[in-house]
Amino acid sequence: MFEGVICALITPFQDGRVDGPSMRRLIDYQISQGVQGIVPCGTTGESATLSHDEHREVIRLCLEHVNGRVPVIAGTGSNSTAESIALTRFAREAGASGALLITPYYNKPTQNGLVTHYRAVAEAVDIPLVLYNVPGRTAVDMQAETVARLAELPNVVGVKEATANMERASTIRALCGDKITLLSGDDATFMPFLAVGGHGVISVSANVAPAQMAAIYKSWRAGDSKGALRAHDALLALNQKLFCETNPIPIKAAAHMLGLCGPEIRLPLTPMSDVHREPLQRILRNLGLFEQVATAGK
């Protein structure tokens, strides 16, 4: 259902508040450069530090500005099942195309607990759901067999697998077949993920390099594996640098360097260390992203 390059949208702030004009500018830039979807209020959107009112504000603002140009998959996951249901219900009523639900963090539920959690959301809200597995952040790893159990639910349509584990992706595909869409949660291994049967990526890098990320997918879909590899290689330095510190610290810095938004980030995250700034700026320049952003804004 959801395929291609889907941007994990950052949440711009100004003076402690959501910066609507910058968010609109980011959305227009990404859509003009070929992304096939947008995810507000995911990990990259600093959802963990958004108030409930801000969470709803960001989803609503994104949906209004996208205005049907691409699908919007709203991040609505929480470590509280009741809260996940409430946010997912809001996303559906606001007109979201789907909802992205992270595995409940900190609680460390069992695999049966994960099935029960997701089933509760799926039964409460009739909207396409994308599971989100990122054990490095949540301390719980959703196993391939668990994904297969959840794929039997009619409105569970995809999984964002953010482990960079191609064996895991292959196992999910083998167990689920066409019942579920496989989305990568790791930019640097997007092309290998496609090679083992993946359908797309929910991308951090697409905030600043949407055309370049889209080029990987377009080449692969066209049967041009060498072209996809060239696009992959061209982005490798950026994809690595954007995770030199905790996401979204580097991508916020990169977006600020390109004039897409301000540098503000919420505690306990802090601005990117000075040692990484010049190398990141050099990578952005080598990719022609300053010119790309300037041209897109005309």
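Quick notes on this one:
- If you sort the three axes of the alpha carbon gyration tensor as a ≥ b ≥ c, you get a/c of 1.5 or more for region 56-200 and a/b no higher than b/c, which makes it oblate.
- Region 21-78 and region 222-249: distance between their alpha carbon centers, rounded to Å: 22
- Most mobile of Gly16, Gly200, Gly34 in a GNM of the chain (Cα contacts under 10 Å): Gly16
- Cα shape, region 1-94, gyration tensor, a/c 1.5 rule: oblate
- Between the beta carbons of Tyr106 and Cys244, assuming R0 = 25 Å, the FRET efficiency works out to 0.45 to the nearest 0.05.
- MRE, 222 nm, helices only [DSSP H, n ≥ 4, -39500 (n - 2.57), over the chain, to nearest 500]: -14500 deg cm²/dmol
- Rg followed by Dmax, in Å, when the chain is reduced to its Cα trace: 17.8, 52
- With 0.36 nm allotted per residue and the present C-alpha distance subtracted, the Leu175-Ser273 stretch has 31.0 nm of extension available.
- Label positions at Ser225 and Arg285, each projected 7 Å from the Cα along the C-beta direction, are separated by 3.7 nm.
- Pairs of Lys in the chain closer than 26 Å at Cα, counting only those 8 or more apart or on different chains: 13
- Nonlocal amide H pairs with Phe13, under 5 Å, H built at 1.01 Å: Asp19, Gly262, Glu264
Read-outs: derived from the displayed coordinates by stated rules, not from any lab. Since we're looking at a predicted model, the values are computed, not measured. Neighbour counts run over all protein chains shown; Cβ positions are idealised from the backbone, glycine included.
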